[in-house]
Amino acid sequence: DGRTGDDITANLRTVRDLPLRIAEERPLEVRGEVYMDRTSFDALNASREEAGLETYANPRNTTSGTLKLLDSRQVAARRLRVFVYQLVGSADFGLSSHAEAMSFLSGLEFPVNPHRTVCADIDEVLAFVESWRERRRTLPYETDGMVVKVDAIDQQTRLGATSKAPRWAMAYKFPAEGQPTLLEKIRIQIGRMGTATPVAELAPVVVGGSTVRRATLHNLDEIRRKDIREGDTVLVEKGGDVIPKVAAVLLDRRPAKSRKWRIPRNCPECKTPLVREEDAVAYRCDNLVCPAQVEGRIGHFAARGAMDIEGLGTKLIEQLVSTGRVHDVGDIYGLTAEDLMTLERMGDLSTKNLLEGIEKSKQQPFHRVLFAVGIRHVGAHVARVLAESMGSLARLEEASVETLVEIHEVGETVARSVVEFLQRPQSQTMFDKLRAAGVQLEEKGAGDDKPLAGLTFVLTGSLDGYTRTQAADLLRAQGGRVAGSVSSKTDYLIAGEAAGSKAKKAADLGIPVLDEAGLVRLLKDGP
């Protein structure tokens with residue numbers, strides 16, 4: 001959820017590159033990235049293949065999963081590596097540049113990438129990037145690009161950051177590497193919202209260090225644009241060196257009797273006719289009880305950021321749906337040990353852990369529930385906005401499209417989607433099950449009696465006493481709504497240092513602007 005993470009301290013202690021003690025008394029915060037080199041990755045896959053287990057697709061995802069393992073001995077056996085790339089608060093250590101900070105960290109025996117340089121201008125940057133285009137293949141680890149950073153710490157501070165990334169750093173991606181292979185078949189994959197996505201089944205081919213067997217074709221328009229057909233030899237690339245895609249068709253290798261591909265009339269999972277909405281690109285299956293959709297919705301419901309039900313994975317979900325134990329997400333809360341113990345790979349411990357995870361999920365706040373049930377066009381942020389504005393499922397069910405559109409950051413498309421979803425008999429049945437199970441269907445802290453209820457705030461710039469997330473949480477705790485952009489519906493702009501264009505727009509619209517001291521007074525005394 002952007003705030004709660006995993007404690008991986010014990011696992012990081014097994015990364016031999018990291019010093020367990022440093023010759024520095026002042027506390028410091030460093031940031032870096034853990035990785036797995038090619039040799040370790042190949043050795044891990046070889047051992048899994050020998051044991052009859054499925055091999056891993058790529059080092060990046062394998063490293064992420066490894067860091068979350070509960071047994072540190074397994075982590076140690078995988079020989080993870082790390083590079084540290086930032087010292088937070090470099091100026092507090094008397095450092096004026098990023099290059100100085102990297103040297104300082106290296107002196108403390110932190111692993112810092114040796115392949116770095118300081119460039120005087122953009123021409124030197126481009127020349128350095130170009131020098132690594134082919135040479136990167138000689139590195140013992142996979143990389144898809146380089147990072148270009150502003151060196152001066154004071155300029156980094158002035159440039160600041162967006163909610164997702166610093167403005168003083170930019171990733172340069174090398175062109176994707178392509179390999180030819182045979183496209184054996186195009187099949188339709190049905191997503192949790194019913195979207196029918198064509199997927200290419202490929203003759204196995206190694207691209208960017210991993211074996212690719214399938215790739216998304218996005219939609220029918222994309223297939224027509226590239227004239228992709230079954231039996232074609234195609235060029236497969238990895239977008240960002242991660243996601244496989246069909247980049248082009250090698251027309252000189254096309255079979256003589258090749259035919260254009262046509263999307264099937266019916267859903268391959270439930271045989272319901274596929275429909276294409278007006279002005280839409282994708283085809284959809286509108287059968288809400290389509291097994292593929294049910295499985296997708298349950299997977300989304302159980303995922304991190306939603307209800308976070310650990311142990312409810314893809315294979316188990318497939319078994320629960322195919323055996324008729326689960327028809328919608330509400331049925332998850334009716335599962336018993338007897339239901340689970342008869343399924344593959346479900347022993348006493350895994351059953352116990354899953355049931356505990358299901359019980360624990362009942363305490364997730366209403367905005368997480370609203371996101372988890374999978375309403376079209378409603379992501380995590382919009383779900384929070386709706387939950388905080390309406391306060392409960394009961395009030396949301398009574399709301400009209402016109403009422404919802406009045407909420408800041410909720411447009412007509414979202415409002416119609418929410419109303420339509422809540423009016424479906426299947427949705428009402430599902431929520432009845434969630435209500436009976438004790439799942440949270442009211443937003444704690446929501447209500448019109450809060451001092452900042454009904455007021456919309458936008459945060460910009462950097463604050464001394466709070467992070468932006470902390471400030472937003474304090475405003476929400478008192479009933480305020482926090483939006484990402486300034487509009488006529490904004491009541492206050494909270495502006496820290498380097499406020500930028502949002503401050504100018506607020507001034508143009510006549511919106512009150514508060515500094516950090518004003519924010520403190522507002523939180524203490526109210527508006």
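Residue count for the range 223-237 satisfying the condition of being under 20 Å from P175 (Cβ atoms) and either of a type in the set (K, R) or touching a Lys or Arg at 6+ places or on another chain (Cβ under 8 Å) (or both): 3.
Each residue in the range 77-88 was checked for being open to solvent by 20 Å² or more (accessible area, probe 1.4 Å), within 27 Å of the chain's Cα centre (by Cα) and not aromatic (F, W, Y), and 5 pass. Taken over the range 212-257, the criterion of being closer than 16 Å to T197 by Cα, open to solvent by less than 20 Å² (accessible area, probe 1.4 Å) and over 24 Å from the mean Cα position of the chain (by Cα) is satisfied by L220, I223, I228. Of the residues making up the range 108-140, those that are in contact (Cβ under 8 Å) with a residue 12 or more places away in the chain, open to solvent by 30 Å² or more (accessible area, probe 1.4 Å) and either in contact with a Pro (Cβ under 8 Å, 6 or more places away or on another chain) or of a type in the set (D, E, K, R) (or both) are E109, R116, R133.
Within the range 453-471, the residues that satisfy the criterion of being outside any strand (DSSP E or B), more than 18 Å from E406 (Cβ to Cβ) and either hydrophobic (A, V, I, L, M, F, W, C) or open to solvent by 30 Å² or more (accessible area, probe 1.4 Å) (or both) are L463, D464, G465, Y466, T467, R468, T469, Q470, A471.
Is it the case, given these coordinates, that S103 is under 32 Å from the mean Cα position of the chain (by Cα), open to solvent by 40 Å² or more (accessible area, probe 1.4 Å) and not hydrophobic (A, V, I, L, M, F, W, C)? So S103 fails the test.
For K164, the conditions (1) part of a loop (DSSP other than H, G, I, E, B); (2) surrounded by 13 or more Cβ atoms within 10 Å (Cβ to Cβ) all hold with the exception of (2).
Looking only at the range 276-308, filter to residues that are among the β-branched types (V, I, T) and open to solvent by less than 10 Å² (accessible area, probe 1.4 Å); which one of those is nearest to I188 (Cα to Cα)?
Applying the first criterion (among the β-branched types (V, I, T)) to the range 276-308 yields 281, 289, 294, 298.
Add one more test, that the residue is open to solvent by less than 10 Å² (accessible area, probe 1.4 Å), and what stays is 294, 298.
Numbers: V294: 16, I298: 20 Å.
Per the stated criteria, the residue is V294.
Cβ separations smaller than 7 Å between residues 6+ apart or across chains give the following pairs from the range 80-107 residues that are under 24 Å from V34 (Cβ atoms) to residues that are surrounded by 14 or more Cβ atoms within 10 Å (Cβ to Cβ) and among the charged types (D, E, K, R): R81/D17; R81/D37; V82/D17; H98/K149; H98/D151; A99/D151; M102/R116.
Let me confirm something: among R284, R304, which residue is of a type outside the set (F, W, Y), modelled with pLDDT under 95 and part of a strand (DSSP E or B)? After applying the criteria, what remains is R284.
What residue, of F83, F110, F104, is part of a helix (DSSP H, G or I) and aromatic (F, W, Y)?
On the way: F83 fails: part of a helix (DSSP H, G or I); F110 fails: part of a helix (DSSP H, G or I).
So the residue among F83, F110, F104 that is part of a helix (DSSP H, G or I) and aromatic (F, W, Y) is F104.
Of all residues in the range 327-348, count the ones that are part of a loop (DSSP other than H, G, I, E, B), free of Cβ contacts under 8 Å to residues at least 24 places away in the same chain and not hydroxyl-bearing (S, T, Y). Break it down into steps so the answer makes sense when it comes.
Taking the range 327-348 as the starting set, the residues that turn out to be part of a loop (DSSP other than H, G, I, E, B) are 327-328, 335-336, 342-347.
Still in the list and also free of Cβ contacts under 8 Å to residues at least 24 places away in the same chain: 335-336, 342, 347.
Okay, now just the ones that are also not hydroxyl-bearing (S, T, Y), so 335, 347.
Adding up the residues that qualify gives 2.
Tell me, yes or no, whether the range 60-70 has at least one residue that is under 18 Å from G5 (Cβ atoms), under 20 Å from the mean Cα position of the chain (by Cα), part of a strand (DSSP E or B) and in contact (Cβ under 8 Å) with a residue 40 or more places away in the chain. Within the range 60-70, none of the residues are under 18 Å from G5 (Cβ atoms), under 20 Å from the mean Cα position of the chain (by Cα), part of a strand (DSSP E or B) and in contact (Cβ under 8 Å) with a residue 40 or more places away in the chain.
Within the range 372-385, residues that are more than 15 Å from A303 (Cα to Cα) have Cβ atoms under 7 Å from residues that are part of a loop (DSSP other than H, G, I, E, B) and open to solvent by 40 Å² or more (accessible area, probe 1.4 Å) in these pairs: R376/M193; V382/E409; V385/E409, counting only partners at least 6 apart in sequence or on another chain. Scan the range 37-59 for residues that are outside any helix (DSSP H, G or I) and either at pLDDT below 90 or among the small types (G, A, S) (or both) and the total you get is 8. Of the set (1) open to solvent by less than 30 Å² (accessible area, probe 1.4 Å); (2) under 30 Å from A120 (Cβ atoms); (3) not basic (K, R), all apply to N58 but (2). Set side by side, the residues V75, V150 differ, and just one is in contact (Cβ under 8 Å) with a residue 12 or more places away in the chain and closer than 22 Å to D6 by Cα, which is V75. Inside the range 17-42, residues that are in contact (Cβ under 8 Å) with a residue 12 or more places away in the chain and either surrounded by 11 or more Cβ atoms within 10 Å (Cβ to Cβ) or under 21 Å from D71 (Cα atoms) (or both) make up a count of 17.
Wholly within the range 355-440, which helices (runs of 4 or more DSSP H) include no fewer than the required count, namely at least 1 residues that are within 25 Å of G191 (Cα to Cα) and open to solvent by less than 20 Å² (accessible area, probe 1.4 Å)?
Numbers: elements: 366-372, 380-390, 393-398, 401-405, 412-423, 425-437.
So the answer is 366-372, 380-390, 412-423, 425-437.
Would you check if L202 is modelled with pLDDT of 95 or more, farther than 27 Å from G379 by Cα and open to solvent by less than 50 Å² (accessible area, probe 1.4 Å)? Full working, then the answer.
Working: modelled with pLDDT of 95 or more: yes; farther than 27 Å from G379 by Cα: yes; open to solvent by less than 50 Å² (accessible area, probe 1.4 Å): yes.
Yes: the conditions hold for L202.
Take the range 243-274 and flag every residue that is part of a loop (DSSP other than H, G, I, E, B) and charged (D, E, K, R). The answer is R254, K257, R259, K260, R262, R265, E269, K271.
Would you say S322 is open to solvent by 70 Å² or more (accessible area, probe 1.4 Å) and of a type in the set (G, A, S)? Lay out the reasoning, then the answer.
Numbers: open to solvent by 70 Å² or more (accessible area, probe 1.4 Å): yes; of a type in the set (G, A, S): yes.
In short, yes.
Filtered by the rule that a residue be at positive phi and open to solvent by less than 30 Å² (accessible area, probe 1.4 Å), the range 474-527 gives G479, G526. Scanning the range 472-527 for residues that are under 27 Å from H367 (Cα atoms), of a type in the set (A, V, I, L, M, F, W, C) and in a helix (DSSP H, G or I) yields A472, L474, L475, A477, L519, V520, L522, L523.
Would you call K271 open to solvent by 40 Å² or more (accessible area, probe 1.4 Å), within 17 Å of A176 (Cβ to Cβ) and without any contact (Cβ under 8 Å) to a residue 24 or more places away in the chain? Steps first, please.
Details: open to solvent by 40 Å² or more (accessible area, probe 1.4 Å): yes; within 17 Å of A176 (Cβ to Cβ): no; without any contact (Cβ under 8 Å) to a residue 24 or more places away in the chain: yes.
For K271, the condition - open to solvent by 40 Å² or more (accessible area, probe 1.4 Å), within 17 Å of A176 (Cβ to Cβ) and without any contact (Cβ under 8 Å) to a residue 24 or more places away in the chain - is not met.
The values are calculated or read from the model by the stated rules, or taken from the named source; none is laboratory data. Here the structure is a predicted model, which means the values were calculated and not measured. We place every Cβ from the backbone using ideal geometry, glycine too, and count neighbours over all the protein chains shown. Accessible surface is based on the protein model in full, side chains and every heavy atom, while ligands, DNA and RNA are left aside. Shrake-Rupley method; radii C 1.70, N 1.55, O 1.52, S 1.80 Å.
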